[in-house]
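Below: one structure, written as structure tokens.
The values are calculated or read from the model by the stated rules, or taken from the named source; none is laboratory data. All values derive from a computational prediction rather than experimental measurement. Note that we place each Cβ from the backbone using ideal geometry, even for glycine, and neighbour counts take in every protein chain shown.
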Amino acid sequence: MEVKVTTEAAATVAALIGRLDTLAAQEIAPQMDELKNVDGTLVLDCTELSYISSSGLRIFLTLRKAAAEKGGKVIVRNISNEIRSIFMMTGFLNLFEIQ
Amino acid sequence: MNNLFRYISRSISRKLSLWIVLFAAIIFNIALGFMFTQSLKAVREEAISRATKELDNTVLRVNNILEMVEIATDNTDWLVVRHLHAPDSMFSYSRAILQNNPKLNGCSIAFEPYFFKDRGKYFSAYSYNDGETIHTTQEGNDHYEYFYMDWYQTVKLLDRPGWSEPFVDVNPDVHTSTEIIASYSKPIKGKDGSYIGTIATDISLGWLSETISAVKPYPNSYSIMLGEGGTFFVHPDTTKLFYQTIFTPTLEKPDPDLSDLGHAMLRGEDGMKELEVDGVDSYVFYKPLGETGWSVAIVCPESDIFGGYNRLRHMVAFIVVIGLILMLLAFSRIISSELKPLRSLADQTDTIARGNFSEVLPEENRSDEIGRLSHSFAGMQKSLIRYVEELKETTATKASIESELKVARDIQLSMLPHIFPPFPERKDIDLYASMIPAKEVGGDLFDFFLRDEKLYLCIGDVSGKGAPAAMLMAVTHSLFRAASAHESDPSVIVHHINETVCLDNTANMFVTLFLGVLDLPSGHLRYCNAGHDCPLLYNGGMKALDCLPNLPIGVLADMKYTTQECTLTAGTTLFMYTDGLTEAMNADHEQFGQERVDALFAGCGEKGMTPRQILDSFWEGVHGFVRDAEQSDDLTMLAISYTPNPFATVLSETITLNCDLARVPELNDFIFSICEKLKLDPTVTGQVQLAVEEAVVNVMNYAYPDRGKRGFVTVKAMSDGHELRFVVIDSGIPFDPTAKEKADTTLSLEERPIGGLGIYLVRELMDSINYERVDNRNILMMIKNI
Amino acid sequence: MKRLILPLLLLWTASFAGAQERLVFTPQWTAQAQFAGYYVAQEMGFYKDAGIEVEIVHPTATLSAMNRISRNESNATTMQLCQAMEIIDSGTPLVNILQTSMNNAMVIASRRNMDPLSQKGARVGIWSVGFGQLAICMSVKDNLDYEWVRFANNVNLFIKGAVDATLAMSYNEYYQLVQAGYQLDSTNVYRFRDHGYNVQEDGVYVTRSYYMKHKETARKFAEASRRGWEWAAEHPEETLAIVMKYVKENRIATNEVLQRLMLADVLSLQLDRESGKREFRLRPDMVKLASDLMFECNMLDNEVTYEQLTEDQAHE
């Protein structure tokens, strides 16, 4: 699992690559905590995210809550159909701006 | 006759007056009877004393005269004896007697033939008084041989003085006049005491006849005198005089009474006899006449003696009869008029009975029973009117309550499962249940639902019936649903229900409840009984499920309920019911009974009936028993047949991991390889991977708080080609993930908790999940149809 | 004591000897059913039919029938056979022109309740007018030594107790005793006819001198009398009425009851015991019996035969 953080215009883009299972979620937790401090728009690029467990979803939600406190926003980009269906199940589609 | 009885019995006045008159008649009869018997005695005694007295007086008078004759004769006797030497002096003696005693008719001084040798055969100095002069003559001659005459011979033969039988002196010149004559004769004795002749004195008995005939103590009484031969010498019927004796009638027709009387009189007795004389009932008083041998009697017709008495009696009887009739009429009228208000009351009542409540009753100002009856009737009528009004209101109210209750009933019934079969898609379970309330709404309940692979079911009975029971039933039902939403341990569920029910149980009602949770894959049945009838089991044989009785719900708040368990084998039928079944009563108050239930269920089991058929046959059985009797209690039945699905394993692999999240990729690989083998498409594979990972991670994170990574979790994957099963097993603390509340995915960002999505995802991704804690292990099964 | 002096009608007899033959008949006793046949013949006109004029004159207590016959005051009389035989024997020839009785009616009634035969030396009443020859014979024959007390015409001696027993006719005194209240039955009544003394009684007799002069009249009288008896047997109630008429006319101290009984008894005595018929004949055997008995008892100086009694008839 790998997280690549880049900056695009006014947004910070974090590209999540690989399987975000429970173990991976534990591993990337420190990196993700940093992203809580991002001002403005945070884009989570899921183009290469193949799998997400509930731990991963927790990270997404944590980020989203942190952004909401600061008035920023979180955009989820390019989620696969499988993940989209997970988002749908969990009501995440309503919480996130999906691109 | 019957008509008469009916006529009398139809009216109180007739009956009552008849009774009164009947009693009066009896009392009159007794009183008058006594009075008449006594007066009869008195009259009789009076008659006897009166007649006897008259008779005594008469006899005394007659005797005086007869004695006079006797004395006169006696006085002459000694003169005769002293002058036997001078036969001619006899003429003067016989004459002297008549001169001295004008009442005497004649006197003979007669001697035995040839007594005076010089006078020849006949010598009888005879004087007689023809009323004017006294004639004296010698009367014996060849044509009148006086010594053969009774007057002469009798005293000679008897050697004592005496009276002859009276005889009739016929005067040939005066044919119409006859005179009764009697002679007093006395033997004349010579100096040597030998009999020499008879001195006889005649007296006409005309005066005697008159004297005796004059004795008439009663208007129709008469006197008779009998001679010594019974001949009548005094009798009002002159044809009988001299010609008949008292015995004459008995020669033709025996008459013992008359004979007795005659004999008594001839014996010279003194007395009284009652007999029929010449066809008339009479009292005959008789008495002898001195030494004559004659007897005098007074014949008094009974009708004379008792004439006044009988007239009085008839008069009184007549008055009594008339009086009784008048009494009957009067009483009948009085009672009838007294009872008139009753009759009109009866008419009014009829009118009222026909529904005319407002009919005005007659005003009754009497203070007696009838008045009171009228008053109470009027009161009753008022009450009736009021009551009818109230009844109308009540009926209206009741109708509205009834319609409300009907709605309640619909609600209640709709609250319970009512679509059968409830799980048409499932092959392992068939279930049928019904609840028939005795009233509109009932206190029985049953419920069941499937959660995961578990069938939650309950059957219960609230104490009491009707609306209050229905309320508690609804409460219990809701509590069951609520408590079993996240709990699969029956005792815990029951405990929850009990706690809540007890909380506000001011009505002190209680519920018996049987609650079970059947794990369908394994057939594992866990149950808790709260005072309910034990369900019946059939699996080749019938038996009752072993149940602890426990206390019903609502009795004791901190009651500890215990879960019992057993395993149902394939083909088992479970039958649950409320006591409305065993206690169903017929018209004779006989209960349907446990024996019948057992026998019937055993029969159903033998025939392999489906739950629906079982309930139908129970219905039939109960109806056949109860027939027309009103249903006494709510009746609820629930039957389940259990046949677990067969599972032909084509794949079975197991992996055991310690509780280290680092082992998760291994798990993923294991699952991936399984999916590969089953050639599942990637989406399904992804879903299965995620679900299993979430379940296992859940165990890893929470199952062993004390052991941490040293705990183990085993994942077993099985497939029969149709479904893929994963069983996650751990021996950590009991934890039922299925009991977790379902995550709410609709909440806003701010409200959304961070966690809680894992189990939610498992449930969403798999077709079914099921948790079981067996042998201190948590067993979570997840099934995905492939 | 004087009493009963009936008018003497003796001279009438001669004065009426006119166209019709005339006969004065005197029964031997006062008017009663014993003579019913003659009353009937008279009342029913049988005598008139026969062409004779009959006058019935009853005897009195002081003037007996036989006295009247011997005085020629009456021409015919009834008599008991024994009595007739006694009279014939004493020199007054009589002819029986009609025999009515075929049986003996005499009885001895005891005053005590015992058999008269057992009362040796008892005082027994007997009629003063000369019936009872058989009883005297019997008393002698059976050594009973009865003391005979003659009585005039009633049962008063018996009633007064002056006699122990009395002779009585079964049709007359017998019933008078019953009427006086005596209970009579086989224990205290002796019936002669049942003890070898069944000698006929009543028959109609005339003196032989009369008979010789007036045979035809006597025959007619007998015929008409017999007709009277036969009629009486057939009409007992009518006969009784006729009897009662005579009884009343003669002021007899009797009554219809007694007369009815008497009539029945008299009629039954007329039936021959052997033939059962009213034979109206003297039975020679009975005549012989009576004659022998009376002869034996010194009541007859000579035997009186059947032929003597019926002499002339036998010759005709």
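Quick one: count up the residues across the range B:4-42 that are modelled with pLDDT under 85, assigned to a helix (DSSP H, G or I) and not β-branched (Val, Ile, Thr). Total meeting the criteria: 10. Could you say whether any residue in the range C:147-157 is in the same structural domain as residue C:281 (by TED's automatic domain parsing) and touching a Phe, Trp or Tyr at 6+ places or on another chain (Cβ under 7 Å)? No, that holds for no residue. When the range B:736-772 is filtered for residues that are more than 7 Å from chain A (Cβ to nearest Cβ), out of contact with any strand residue (DSSP E or B) (no Cβ under 7 Å at 6 or more places or on another chain) and not in a helix (DSSP H, G or I), the ones remaining, listed by number, are B:740, B:741, B:742, B:743, B:744, B:747, B:748, B:750, B:751, B:753, B:756. From the residues in the range B:357-370 that are at pLDDT below 75 and surrounded by 11 or more Cβ atoms within 10 Å (Cβ to Cβ), which one is farthest from residue B:340 (Cα to Cα)? Looking at the filtered set, the residue picked out is B:357. The listed residues are B:690, B:657, and the only one of them that is part of a strand (DSSP E or B) and within 14 Å of chain A (Cβ to nearest Cβ) turns out to be B:657.
Results for (1) in contact with a strand residue (DSSP E or B) (Cβ under 6 Å, 6 or more places away or on another chain); (2) assigned to a helix (DSSP H, G or I); (3) modelled with pLDDT of 55 or more, shown as yes or no for each residue.
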residue: C:2; (1), (2), (3): no, no, no
residue: C:7; (1), (2), (3): no, no, no
residue: C:10; (1), (2), (3): no, no, no
residue: C:14; (1), (2), (3): no, yes, no
residue: C:23; (1), (2), (3): yes, no, yes
residue: C:30; (1), (2), (3): no, no, yes
residue: C:35; (1), (2), (3): no, yes, yes
residue: C:41; (1), (2), (3): no, yes, yes
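Scan the range B:113-136 for residues that are part of a loop (DSSP other than H, G, I, E, B), more than 14 Å from chain C (Cβ to nearest Cβ) and not polar (S, T, N, Q) and the total you get is 7.
Select, from B:555, B:597, the only residue that is within 50 Å of the chain's Cα centre (by Cα), assigned to a loop (DSSP other than H, G, I, E, B) and at pLDDT 85 or above. Give the derivation first.
On the way: B:597 fails: assigned to a loop (DSSP other than H, G, I, E, B).
The conditions single out B:555.
Residue A:37 passes every criterion in (1) within 19 Å of residue B:754 (Cα to Cα); (2) surrounded by 17 or more Cβ atoms within 10 Å (Cβ to Cβ) apart from (2).
Scanning the range A:1-59 for residues that are within 11 Å of chain B (Cβ to nearest Cβ) and at pLDDT below 85 gives a single hit, A:1. The residue that is nearest to the other protein chains (Cβ to nearest Cβ), counting only those in the range A:60-99 that are closer than 17 Å to residue A:50 by Cα and not in a helix (DSSP H, G or I), is A:80. The residues on offer are C:279, C:316, and the sole one that is among the acidic types (Asp, Glu), within 29 Å of residue C:57 (Cα to Cα) and either within 20 Å of the chain's Cα centre (by Cα) or at pLDDT below 90 (or both) is C:279. Taken over the range B:672-686, the residue count meeting the criterion of being facing chain A (nearest Cβ under 10 Å) and buried (at least 22 other Cβ atoms within 10 Å of the Cβ) is 1. Among the residues of the range B:614-643, those identified as free of Cβ contacts under 8 Å to residues at least 40 places away in the same chain and either over 20 Å from residue B:435 (Cβ atoms) or in contact with a Cys (Cβ under 7 Å, 6 or more places away or on another chain) (or both) are B:617, B:624.
Apart from one condition, residue C:164 fits all of (1) under 18 Å from residue C:82 (Cβ atoms); (2) crowded, with 18+ Cβ neighbours inside 10 Å; (3) among the acidic types (Asp, Glu); the exception is (1).
For the range B:531-558, taking the residues that are in contact (Cβ under 8 Å) with a residue 60 or more places away in the chain and touching a helix residue (DSSP H, G or I) at 6+ places or on another chain (Cβ under 6 Å), the one that is surrounded by the fewest Cβ atoms within 10 Å (Cβ to Cβ) is identified as B:542.
Do we find a residue being in a helix (DSSP H, G or I) and among the polar types (S, T, N, Q) anywhere in the range B:482-489? Looking for residues that are in a helix (DSSP H, G or I) and among the polar types (S, T, N, Q), one finds at least one in the range B:482-489, hence yes. Considering only the range C:151-158, I want to know if a residue exists there that is over 17 Å from the mean Cα position of the chain (by Cα), within 12 Å of chain B (Cβ to nearest Cβ), touching a residue at least 12 places away in the same chain (Cβ under 8 Å) and in a strand (DSSP E or B). Checked the range C:151-158: no residue is over 17 Å from the mean Cα position of the chain (by Cα), within 12 Å of chain B (Cβ to nearest Cβ), touching a residue at least 12 places away in the same chain (Cβ under 8 Å) and in a strand (DSSP E or B).
If you take the residues of the range B:379-410 that are in contact (Cβ under 8 Å) with a residue 12 or more places away in the chain and more than 32 Å from the chain's Cα centre (by Cα), which of them is nearest to residue B:350 (Cα to Cα)?
Of all residues in the range B:379-410, those in contact (Cβ under 8 Å) with a residue 12 or more places away in the chain come to B:381, B:384-385, B:388, B:402, B:405-406, B:408-409.
Those left that are additionally more than 32 Å from the chain's Cα centre (by Cα): B:385, B:388, B:402, B:405-406, B:408-409.
On the way: B:385: 15, B:388: 17, B:402: 33, B:405: 38, B:406: 38, B:408: 43, B:409: 42 Å.
Checked the range B:379-410; the qualifying residue nearest to residue B:350 (Cα to Cα) is B:385.
Residue check: residue C:248 meets all listed conditions (1) within 14 Å of chain B (Cβ to nearest Cβ); (2) without any contact (Cβ under 8 Å) to a residue 24 or more places away in the chain; (3) buried (at least 16 other Cβ atoms within 10 Å of the Cβ) but one, namely (3).
Please work out which residue is nearest to residue C:155 (Cα to Cα), limiting yourself to the range B:239-254 and to residues that are in a loop (DSSP other than H, G, I, E, B) and among the polar types (S, T, N, Q). Reasoning before the result, please.
To start, the set of residues in the range B:239-254 that are in a loop (DSSP other than H, G, I, E, B) comprises B:239-244, B:246-247, B:253-254.
Narrowing further to those that are among the polar types (S, T, N, Q): B:239, B:244.
Details: B:239: 21, B:244: 14 Å.
Checked the range B:239-254; the qualifying residue nearest to residue C:155 (Cα to Cα) is B:244.
Of all residues in the range C:159-182, exactly one satisfies the criterion of being facing another protein chain (nearest Cβ under 8 Å) and in contact with a Lys or Arg (Cβ under 6 Å, 6 or more places away or on another chain), namely C:163.
Do we find that residue A:78 is more than 25 Å from residue B:661 (Cα to Cα), in contact with a strand residue (DSSP E or B) (Cβ under 7 Å, 6 or more places away or on another chain) and surrounded by fewer than 17 Cβ atoms within 10 Å (Cβ to Cβ) in this structure? Full working, then the answer.
Values: more than 25 Å from residue B:661 (Cα to Cα): yes; in contact with a strand residue (DSSP E or B) (Cβ under 7 Å, 6 or more places away or on another chain): yes; surrounded by fewer than 17 Cβ atoms within 10 Å (Cβ to Cβ): yes.
It is true that residue A:78 is more than 25 Å from residue B:661 (Cα to Cα), in contact with a strand residue (DSSP E or B) (Cβ under 7 Å, 6 or more places away or on another chain) and surrounded by fewer than 17 Cβ atoms within 10 Å (Cβ to Cβ).
Are any residues in the range C:233-277 of a type in the set (Val, Ile, Thr) and closer than 18 Å to residue C:179 by Cβ, and if so, which ones? Can you show your working first?
Start the filter on the range C:233-277 by keeping residues that are of a type in the set (Val, Ile, Thr), which leaves C:239, C:242-243, C:247, C:252, C:254, C:257, C:266.
The answer is C:243, C:247, C:252, C:254, C:257, C:266.
Among the residues of this structure, residue B:255 does not count as one that is away from chain C (no Cβ under 13 Å) and among the charged types (D, E, K, R).
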